[in-house]
Amino acid sequence: MNATPYHLLWLLFAPPALGLLAGWRPPRREFWLLLFGLPLPLVALWLVLASASEPMAGCLTLGGLELHWRLNGLTALLWLLTQVLLLGSAVHAVGNARVSGLPPRSGAWLWPLLGGLALGLGLIWLAADLVLLYLGLELMGLCAVGLMLLPGKVDALMASLRYLLYALVGSLAWLLGIALLLGAWGRLDLAGLAAVAEPNTVTRIAMALLSSGLLLKAAIFPLHAWLAPVHGSAWTPVSAVHGALVVKVSFFILLLLWRLLLPDVVVGAWALGALGSLAVLWGGVQAWRAAGLKQVVAWSTVGQLGYLMLAFPLLAGAGEGVATLVWQATWLQLAGHALAKAAMFMAAGNLLLSTGATRLEGLTGTSRRLPLSLLTFGLAALTLIGLPPSAGFTAKWLLLQASFASGQWIWALVLALGTLLSATYVFRVLRCSFVEDAPATPFRALPLGMELIALALALAAIALGLAAELPLALVRLSALP
């Protein structure tokens, strides 16, 4: 059976419908959530297989407005990744709410906001014009801010308002960029823009505005100030989704637009690569210095996002062989990091919830009392550090090959330094966990489902490295724009 737009509409609107249902009757057991939620990633997997052989595209007309969409192997894979991570976070949220005793009213709002987030992400993966991208980006951003507000505490409110301010400034820059492109070229669909737009001054200014807005939303150095406070106060399943998916969406859009409108502008691409390098180093140093476990994981996100930015200089003016290596490495790094980051946030949340601690010193004795969560943290760290056989290792290996093949060895140095910094802050966490001579403190028992779902995601990040050829084949079929 071939995929049709009706299948896409079902996958777009089923999550918000389920979110509203769960908001009305919040699930108390993981079984019912899996029963109703599992069809979503299964349908997304079917779309991956269907779109691999026959990419889809179309146009929806609403009055005088035309909305262009498309689905290829890459975007279908990203949609599948989204459904898997949202389901995993939802399963973790059920156990988290049961153990921590979340306020019923706030807990009820979690589900429709997650559904709205899924709709926004789906629109972005399908979008083939700037209007649909804007709608998806704004819906996703508003739902993300709402999720961050759920704890209802002063620190969460302050962090969320700062996040909202950054997001609004980013949206303003995005709208100004769209207005310039529309005024100069009269098109907003991506294929049309790629056909008529020239890399002149207007296009460069528009791309500077669009890039600034997206860098703000993606928390790319030095525009990352909102990220660590937001994660410090957010609920664990919310941090997992946000760190795994939300901050990466802006990178996806930025790379897409850059390849369409300014594919051979080397200076700008090197500037973005330099920002990514600084993010790798600054995020790694701050993670190493952080006192709290969630801050360690949040700062590591700043650093890991920097690896993705290396795609810009390596792709700019590159030959076909190097470009193919970079294209595969980028999406493998994004997917592997998303799975590992969600697992690491969940494992960290489990450790903090069980011990009641917030600082690393409070983790003493967890190697014996919470071995499964600590094992999950370590397995997820394999991907973040880039050790074999994880997806992080395969992605970094491809990036290293591309760096040497293109003569841009400086990015190889960044990869090496980033790997050392990642290992440093991970081993700092593990060292505190293996201390056994501290006074015994009470531990809170956790539902097995909370630990198993985090472990499954960490193992998936490793399995992605072992079986990388299948998704990479789909990425190769989705040719560079």
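The values are calculated or read from the model by the stated rules, or taken from the named source; none is laboratory data. The structure displayed is predicted, hence computed values, not measured ones. Neighbour counts are summed over all protein chains in view; Cβ atoms, including those assigned to glycine, are modelled from backbone coordinates with ideal geometry. These accessible areas exclude ligands, DNA and RNA; they are computed on the full protein's heavy atoms, side chains included. Shrake-Rupley method; radii C 1.70, N 1.55, O 1.52, S 1.80 Å.
A Cβ distance below 6 Å, combined with a sequence gap of six or more or placement on separate chains, defines the contacts here; from segment 143-162, residues that are of a type in the set (A, V, I, L, M) reach residues that are assigned to a helix (DSSP H, G or I) and surrounded by fewer than 16 Cβ atoms within 10 Å (Cβ to Cβ) in the pairs L150/S106. If you go through segment 317-350 and keep only what is over 19 Å from the mean Cα position of the chain (by Cα) and surrounded by 24 or more Cβ atoms within 10 Å (Cβ to Cβ), you end up with just N350. Pairs linking a residue in segment 376-393 that is without any contact (Cβ under 8 Å) to a residue 24 or more places away in the chain to a residue that is in a helix (DSSP H, G or I) and open to solvent by 10 Å² or more (accessible area, probe 1.4 Å), with Cβ atoms under 8 Å and 6 or more positions apart or on different chains, are L387/F393.
Do the conditions hold for L137, that is, is it in contact with a strand residue (DSSP E or B) (Cβ under 6 Å, 6 or more places away or on another chain), farther than 22 Å from G232 by Cβ and modelled with pLDDT of 90 or more? In short, no. Of all positions in segment 185-197, none carries a residue that is buried (at least 20 other Cβ atoms within 10 Å of the Cβ), at positive phi and not in a helix (DSSP H, G or I). Is it the case, given these coordinates, that H224 is in contact with a Gly (Cβ under 9 Å, 6 or more places away or on another chain), of a type outside the set (A, V, I, L, M), buried (at least 21 other Cβ atoms within 10 Å of the Cβ) and under 21 Å from P313 (Cβ atoms)? For H224, the condition - in contact with a Gly (Cβ under 9 Å, 6 or more places away or on another chain), of a type outside the set (A, V, I, L, M), buried (at least 21 other Cβ atoms within 10 Å of the Cβ) and under 21 Å from P313 (Cβ atoms) - is met. Is it true that some residue in segment 426-443 is among the small types (G, A, S), surrounded by 14 or more Cβ atoms within 10 Å (Cβ to Cβ) and closer than 30 Å to L272 by Cα? No; the residues of segment 426-443 include none that is among the small types (G, A, S), surrounded by 14 or more Cβ atoms within 10 Å (Cβ to Cβ) and closer than 30 Å to L272 by Cα. Among the conditions (1) in a helix (DSSP H, G or I); (2) touching a Ser or Thr at 6+ places or on another chain (Cβ under 7 Å), A348 misses just one, which is (2). In segment 460-474, the residues that are under 13 Å from Q333 (Cα atoms) and part of a helix (DSSP H, G or I) form Cβ pairs under 7 Å with partners that are open to solvent by 40 Å² or more (accessible area, probe 1.4 Å) and among the aromatic types (F, W, Y), at six or more places apart or across chains, as follows: G465/F393.
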